[in-house]
Every structure is written in structure tokens, then in C-alpha cells.
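Structure record follows, encoded as C-alpha cells.
The values are calculated or read from the model by the stated rules, or taken from the named source; none is laboratory data. The structure presented is a predicted model; accordingly, all values stated were derived computationally and were not measured. Quick reminder, even Gly has a Cβ in these numbers, built from the backbone with ideal geometry, and neighbours come from all protein chains shown. Each accessible area value is taken on the protein alone, full model and side chains, heavy atoms only, with ligands, DNA and RNA left out. Shrake-Rupley method; radii C 1.70, N 1.55, O 1.52, S 1.80 Å.
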Amino acid sequence: MKKVSSLLLPITASFILAACASNPNKAEKLNTEIQKTDDMGGGTVIGLNEKDEMVMQKKIRLADYVRQLQFEVYGLEDTIYGGDESGNRGLWGVLEECQTKENSAEMGGEGTYVKMPEKARLTDREDQFQKIGLDEKKNLVAVSTDYLRDRIRRFENYKATYKKRKDWYETQVKICNANLERKTYNAKQAKLDLSKYPPITNTTSELDRYVCRYVRQGAKMNDLVKTALSKQWIMKEDFDQDMPVNSLKVVDSNQAERPNVLRLGGWALAFDKGAKLSEIEDNTTNPSLKSWMNDSADIVPGGKNCLRRGSNLWNN
């Protein structure tokens, strides 16, 4: 079996293994001479090419590149799916455990197993030998041969795919943990003996009555803001003159997000666009209400009419 020598090749914006047009797997002779070089480290230099053009060139041994690429791919794979030998369950296992607990009867769920995505390991076929037999020295061997160009491109694709999967699993774990913390908190609150505490009173009842009558699809923000300013429910000093008064993004208990949100007392009011305080005062823009919710719907006067979905859930 021929032995592949260690090659040196330049790497530009993306790694390219040059090849002849007639045979893409044949190594092309490369002119990598750089004059008046200044070494930047890590195999990277700047200098002049044969045309006296200023260039930056990175040149590494091909064996080193392939070794590092495979190391990164297998590392990402273990981070996502874990490894049976090490006992590491990876992000897949962390998400499975979190979702199973979130769906448990203790947390108010169905108490059934949550089906997880398949462990789609891209490198499974890389460990398969193509041939078994005798080599030139009559030794029994298992042999796997791969075109180097194809292997590099394949592993570069694995790396890009695994990076995206890693981001997805990390996001899902964060969402699950947030849901689990909320359910754990609610479960603890449900066990409290509220008879030992004084009844909850609404200290913003006038504001709540007004907003409860105000909220409806298409309600104009200017009317609300001007009333809130006149009654000192909000102050001009509360707002940055260069920022919309409704610049927040707010997520409800179902992880539904709304942009262009104005906070007023316990209310979150989402409009179709943002508006600065100066624009509201000059009536040059007038956003329309799209969705609303309140932190404590049960103590809002008339809340059953204007907050039919309950606390911390978007209406409309």
C-alpha cells in the first residue's frame, strides 16, 4: 500500500485542496514561495508573492490539518451525544433528563416519556473497514482507504453541521431549565398555607381599571401614554429620549415572545411598532396595540374580562 507523504498547502478564506482537472485526487504542485516575509505565528506569514503583490498566507502540514479537523469533529459529536465509554451523556442526555422531569406528574405534566430526537451520529461509517485480507507482508489486516480530498470535505461538513446542532441543543436545554424552574416555583407556591398571610391587596387599582378598559386590538398607544403621564403612573424622566418608550421584548409563561412592549405597572403591552416619547407628544406616530398580559390577573378589577387567559400569558 502506498504511503501518503505529509504535504504543505496554503489555506485562504476556506480550505481548498487543489487538484488537476483530469484527476481531482491527484496532488497539484503549489508555488508557496513568499518573499520579505513577516511571521505572524501559527504558520501564517505576510509578504510578497511572485508578482510582488502583498498577501497573507497560512501554510500547514496537511496531516496536521486532517488530524485537528477530525479531533474537532469527534469532540463536537461527544459534546452533543456523549460517549458510552466515558459515561458522558452529552447535551442530548441533559435535555432528555430535563424534559422528562419537566413532564413528570410532580411538575404537573403527563408523567410520560418525552420522545427525543434521534442520535444522528455522522461519523458512524468512518469506523467501518472496507477490506479484510493479507497485506504485502502476508499479515492479516483490515484496510480502509479514503480519498483525502473527499475525507477533508466530508469532515468539514460534519463540523459545520455539528456546530449548528450544538447551538440548537444548548438553546433547548436553556428553555427546558427555565420551564422547570418556573414549574418548581409554582409547585412550591401551591404548597404554601396562604391563611397565615394577609390577603393580597391591589395598590394600583385605578391604573388597572383604566388599562383593563383600554386593552383591545388596535387601541392607540398615544391615548394610553398621555393619560399615564397626566396621572403620573409614568414619568418623562423614566424614558430615554432617543429610544422608543416601548423598546422591550417580553416572553410569557408559554415562551411566546412579543416585541415593542411597554411596561406599565404589572402590565406588559405589545404594539405593532415602536415610538419615541417626542413622537407621541407631537402625534407624528401612533402605534396600535397587538397583545397584552398582566403579572397578577386575579387581582385586576374586571380581569376576567380583559385577561381571560390568566396571569403572565399573552392575550391575542
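Listing for the model above:
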item	result
Any chance Arg121 is surrounded by 12 or more Cβ atoms within 10 Å (Cβ to Cβ), part of a loop (DSSP other than H, G, I, E, B) and of a type in the set (D, E, K, R)	yes
In region 22-40, the residues that are outside any loop (DSSP other than H, G, I, E, B) and either open to solvent by less than 40 Å² (accessible area, probe 1.4 Å) or closer than 20 Å to Arg149 by Cβ (or both)	Ala27
Exclusive hit being open to solvent by 100 Å² or more (accessible area, probe 1.4 Å) and either among the basic types (Lys, Arg) or not in a loop (DSSP other than H, G, I, E, B) (or both), set Ile46, Ile132	Ile132
Residue count, region 278-299 (criterion: surrounded by fewer than 19 Cβ atoms within 10 Å (Cβ to Cβ) and either more than 18 Å from Cys212 (Cα to Cα) or charged (D, E, K, R) (or both))	10
Residues located in region 253-269, provided they are farther than 23 Å from Ser205 by Cβ and of a type outside the set (Ser, Thr, Tyr)	Asn254, Gln255, Ala256, Glu257, Arg258, Pro259, Asn260
Given (1) modelled with pLDDT under 90; (2) outside any loop (DSSP other than H, G, I, E, B); (3) closer than 30 Å to Thr184 by Cβ, number of the condition Leu207 does not satisfy	(3)
So Asp84, is it loosely packed, with under 13 Cβ neighbours inside 10 Å, more than 33 Å from the chain's Cα centre (by Cα) and more than 17 Å from Tyr162 (Cα to Cα)	no
Selected residue (only one of Asn222, Asn260, Asn246 is assigned to a loop (DSSP other than H, G, I, E, B), open to solvent by less than 60 Å² (accessible area, probe 1.4 Å) and polar (S, T, N, Q))	Asn246
